[in-house]
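Please treat every number below as a calculation from the coordinates, not as lab data. All of these numbers come straight from a predicted model, not from anything done at the bench. Cβ coordinates were reconstructed from backbone atoms using ideal geometry, including for glycine residues, and neighbour counts include every protein chain displayed.
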Amino acid sequence: MLYAFGFDKIGVVMSDLYFVDPRPSPGQEGAERGVRLEVRLLERGELQGSIYSAQPISVGRPVWRADLLESVEGPMGSFDRTHHHPAFRGWEPGRRHFVEEMSAQPVEWVGQRLADLPGLLEAAGFDAGEVGSGDAEALAAAVPEITDALRRLLDRVHGGELARPPAGEPVASARAGWL
């Protein structure tokens, strides 16, 4: 399942995720499940027909990522693998940053970060000139709606409906989800 919230030049996308890293860091072995949320650049394409044609939209380069993950072997709702990536190099995320407060209150922690787009951009080393002038205010105003969708998505993961492993044999590497 994929959710997308778009503003002027910034968007927030989130999806359920089932993940098995083929080269895990120590202590990160085994399958993970949960929700990935990313702040991304959005681009409007040129209309491909009349003024009534559908608007082409690109969900572009990532700025910041939050992974509300937990070990599949652990209890639902443990958030034992929850972390964020404060910056990207192109399309590649930096290292996982584990924050105790994030694991304790993941939805609230993410909401606080989203409410401060200028701070998030600065921490990411991102040029604030690439975002729209009203993006920070629009994103901050939408945080309650975004966190509500995030809670619903997590509920569906914890209910066993989403973030499921690929069908078939167990795998050594997997990434099931939009993000």
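The helix-only estimate of mean residue ellipticity at 222 nm for the chain, built from DSSP H runs of length n ≥ 4 each weighted as -39500 (n - 2.57), is -7500 deg cm²/dmol after division by the residue total.
Only one of the values (i) 1.01; (ii) 0.95; (iii) 0.98 was calculated from this structure for Rg/Rh (Cα atoms, Kirkwood Rh); name its label. Label of the calculated value: (iii). For L162, the amide hydrogen comes within under 5 Å of the amide hydrogens of V157, counting only partners 5 or more places away or on other chains and with H modelled in the peptide plane.
Between region 1-66 and region 143-179, what's the alpha-carbon centroid distance in Å? Cα centroid to Cα centroid, the span is 14 Å.
Along the charge dipole of the chain, pointing to its positive end and built from +1/-1 on Cβ of Lys, Arg, Asp and Glu, which listed residue (Y3, V107, G77) has its Cα farthest out? Among Y3, V107, G77, the one farthest towards the positive end of the dipole of the chain is Y3.
Along region 100-106 the Karplus relation, 6.51 cos²θ - 1.76 cosθ + 1.60 evaluated at θ = phi - 60°, assigns HN-Hα couplings of 4, 5, 5, 5, 6, 9, x Hz to successive residues, with x for each Gly and Pro. In a reduced charge model with +1 at each Lys and Arg Cβ and -1 at each Asp and Glu Cβ, the chain shows a dipole moment near 380 debye about its Cα centre.
Seen against the Cα atoms of the chain and their longest principal axis, helix 135-158 is set at about 30 degrees.
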